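The values are calculated or read from the model by the stated rules, or taken from the named source; none is laboratory data. Bear in mind the structure is a predicted one, so any value in this text is a computation, not a measurement. Neighbour counts are summed over all protein chains in view; Cβ atoms, including those assigned to glycine, are modelled from backbone coordinates with ideal geometry. Heavy atoms of the whole protein, side chains included, go into the accessibility calculation; ligands, DNA and RNA do not. Shrake-Rupley method; radii C 1.70, N 1.55, O 1.52, S 1.80 Å.
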Amino acid sequence: MIPLEYMPPLMFGGLVLFMLIGFPVAFSLLALGLFFGFISIEEGFFGVNYLQAVPQRIFGNVLANDLLLAIPFFTFMGAVLEKCGLAEEMLDSMGQLFGPIRGGLGYSVIIVGFVLGAITGTVAAQVITMAMISLPVMMRYRYNVRYTTGVLAASGTITQLVPPSLVLVVLSDQLRTQTASADVGSMYLGAWGPSLMQIALFVAYTFLLSRIKPDWLPAIPKEDITLRGWALWRKCLRGIIPSAVLIFMVLGTMMLGIATPTESGAMGALGAVVLAVIRDKEFTQRDRWFLRISMVGLAIAALVSVIFYTENIGVSSNAKPFLQAALAATYVGIAWLVYRATRIRDLRNLIVQGYQSTMRLTCMVVFILIGSTCFSVVFLGVDGGTWVEHLFTDLPGGWIGFVVVVNLFIFFLAFFLDFFEIAFIVVPMLAPVAEKILAPVLLASMGSPEAASQAALVWFGVMLCVNMQTSFMHPPFGFALFYLRGVAPKEVKSSDIYWGALPWVGLQILMVILVASFPQLATGLLDKGTVTDTSGGLVIEQQINQGTSDWALPTYDSGSSPDSNSPATTPAPSP
């Protein structure tokens, strides 16, 4: 006979054991969930019918979750932009723009890393691309090897935090409780402050190092600058302007309420294909005319929508023919550019590779979600939620003790687990506790308990996102360091890569402390006194009567989804 209170720590201990063995996470979660589920049925903790919640959650919260469609869209967008030459041109132009000053190549890597992070969202592609382009140049101009490897790895991990980060999408899906949730738009708004602060820290560190150790970050000789004046600025703008347009298509439409995360991700994927066509060497004069037609049509449609829009009826009936004609011209131009993408051989192969990498990542996410669903249902069935709450609410120091312990826990867990695994396994357990402990801290600034609850989840999610950035930089397990080692020449020692990463890990830890100490960095842009989303998804309720637990099987409203802001329904527990 196993006491009920022993089951949650046994499940968590078994998960740690499987992680140390190295068995695949998705199958570890599934096996542990089923194993302890059968034990719980045998011990009478819940009945066989309770396990019906597993397929209901898989079909309701995983396969029918519209929000998760944003993951393949953003992944495909990043995969296409990775190989279309945008990074090469931006690094070259920014390097020549900042090169004549000390640390100029470091500044260019940080800025380009920030811009690429806002349009790609993939750490591996960013680190590899920037290292292959910038590492030889920085070594040729005798930049310190440890600074060079550190700034390249750290700039690649910026994409974890900069919207539209995949981490933020996944965290927004997992940060859901019975009373509040952190929707994607709020997570993106919350991440902007820390993102800009982190860039400022990186730039400040580079500036300080260039003054203390000027021989480590030398300026490029003026005779090596091949572009000057308007030619240099034009090359810079050629990379920045299309990137800015794509960022607005993805983030601007979402934050203005024009599109859902899934729809903005689809526009981003389409925009990435169009951008790749424009940058291809086979882009002809006829293609330029179609591009101009689509841009003019889009501009006219925007002007008509702004000038002739009224709150009650929308665009007036007299202006609708002009709006429809402008949109038709835009669609024709974009359709032609997409057709051209299928006719250019190199670009077609690039898109196929993007499909393949997107399929691999999406399948991995879905399998981990299925495994974590099975594990979490059984974990809640044996009072796991109560066990976690008691474990963290009894910590000394109040909310400060909770924040410190959780961040230390995530920091060390990130040595061994990927951010997807942390988000799907740990975050759902901690979200209710975080809301309960952190919401009172924000109540005075947010104006209402509902807004404070949502802001608490956003603050907690952004804090974890900054923390999980370090998982890519941990010596010797950081994936960014592995990627860098794979493309670095032999003269760059592994010890240089590891030692070079440590100052940047320190800056990221400092960023965690700043976000934890000043929640306004993450909540300053959120709505005060209102809540933008309800707790969509599945809720399992527990009723304990004299030591026994009766559980209501959860149901999922097929008409609801996180994108539609419609909450799922949960029946009352059985008497």
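Across the accessible surface of the stretch 459-511, with the other protein chains kept in place and a 1.4 Å probe, carbon and sulfur atoms take up 69 percent. Rolling a 1.4 Å probe over the heavy atoms of the protein chains gives the stretch 181-329 an accessible area of 55 Å² per residue. Average accessible surface for the stretch 1-108: 43 Å² per residue, computed with a 1.4 Å probe over protein heavy atoms with every protein chain in place. Note on Arg343 and Ile241: the extension gain reaches 34.1 nm, defined as 0.36 nm multiplied by sequence separation minus the Cα-Cα distance.
Only Cα pairs under 8 Å and 6+ residues apart enter the sum, and on that basis the relative contact order of the stretch 393-498 stands at 24 percent. Which angle from 0 to 90°, rounded to the nearest 10, does the C-alpha axis of helix 398-413 make with the longest principal axis of the chain? With both axes taken from Cα atoms, the answer is about 70 degrees. Summarising the label geometry, the points placed 7 Å from Cα in the beta-carbon direction at Ile101 and Ile39 lie 6.1 nm from one another. For the chain, the longest principal axis of the Cα atoms and the long axis of helix 229-247 meet at an angle of about 30 degrees. One quarter of the convex hull surface built on the alpha carbon atoms of the chain amounts to 29.6 nm², the projected area averaged over directions.
Across the stretch 205-304, what fraction of all alpha-carbon pairs, as a whole percent, falls in each successive 10 Å bin from zero upward? Bins of 10 Å from zero give 12, 27, 27, 18, 14, 1 percent of pairs. Using only helices, what value at 222 nm comes out for the chain when you add -39,500 (n - 2.57) per DSSP H run of length 4 or more and divide by the total residues, to the nearest 500 deg cm²/dmol? It comes out at -22000 deg cm²/dmol, rounded to the nearest 500. Applying the criteria of a DSSP loop state and at most 10 other Cβ atoms within 10 Å to the GluC sites (Glu not before Pro) of the stretch 254-359 yields Glu311.
Judged by the mean number of other Cβ atoms found within 10 Å, the most tightly packed of the peptides 486-494, 168-176 leads the ranking 168-176, 486-494. Relative to the longest principal axis of the Cα atoms of the chain, the long axis of helix 261-279 makes an angle of roughly 20 degrees. Solvent-accessible surface of the stretch 366-421, averaged per residue with a 1.4 angstrom probe and all protein chains in place: 40 square angstrom.
Projected over every direction and averaged, the convex hull enclosing the alpha-carbon atoms of the stretch 91-174 yields 5.3 nm². The alpha carbons of the stretch 284-332 occupy a box of 44, 14, 11 Å along the principal axes, longest dimension given first.
Phi angles of the stretch 438-450 translate, via the Karplus equation with coefficients 6.51, -1.76, 1.60 and θ = phi - 60°, into HN-Hα couplings of 8, 4, x, 5, 9, 4, 5, 7, 8, x, 8, x, 5 Hz per residue; Gly and Pro are given as x. Legend: calculated FRET efficiency, Leu208 to Met359, from the Cβ-Cβ distance at R0 = 41 Å, rounded to 0.05, equals 0.40.
Using Stokes-Einstein with the Kirkwood hydrodynamic radius over Cα pairs, what translational diffusion coefficient do you get for the stretch 215-274 at 4 °C and a viscosity of 1.567 mPa s, in µm²/s rounded to a whole number?
Once the numbers are plugged in, D ends up at 92 µm²/s.
Computed over protein heavy atoms with a 1.4 Å probe, the carbon and sulfur contribution to the accessible area of the stretch 58-216 reaches 67%.
Pairs from the table (Lys281/Lys320; Lys222/Lys490; Lys235/Lys493; Lys235/Lys528) lying more than 31 angstrom apart at Cα are Lys281/Lys320; Lys235/Lys493; Lys235/Lys528. Working note: Karplus 6.51/-1.76/1.60 with θ = phi - 60° gives the stretch 355-368 the couplings 4, 5, 5, 5, 5, 5, 5, 5, 4, 4, 4, 5, 5, 5 Hz, where Gly and Pro are set to x. Scalar couplings 3J(HN,Hα) for the stretch 36-47, obtained by applying the Karplus form with A = 6.51, B = -1.76, C = 1.60 to θ = phi - 60°, are 6, x, 5, 5, 5, 5, 5, 7, x, 6, 7, x Hz; x denotes Gly and Pro. Computed from label points 7 Å out along Cα-Cβ, the spacing between Leu17 and Ile258 is 5.5 nm. Summarising the label geometry, the points placed 7 Å from Cα in the beta-carbon direction at Trp233 and Glu282 lie 3.6 nm from one another. The Kirkwood hydrodynamic radius of the stretch 377-469, based on inverse pair distances between different Cα atoms, is 13.8 Å.
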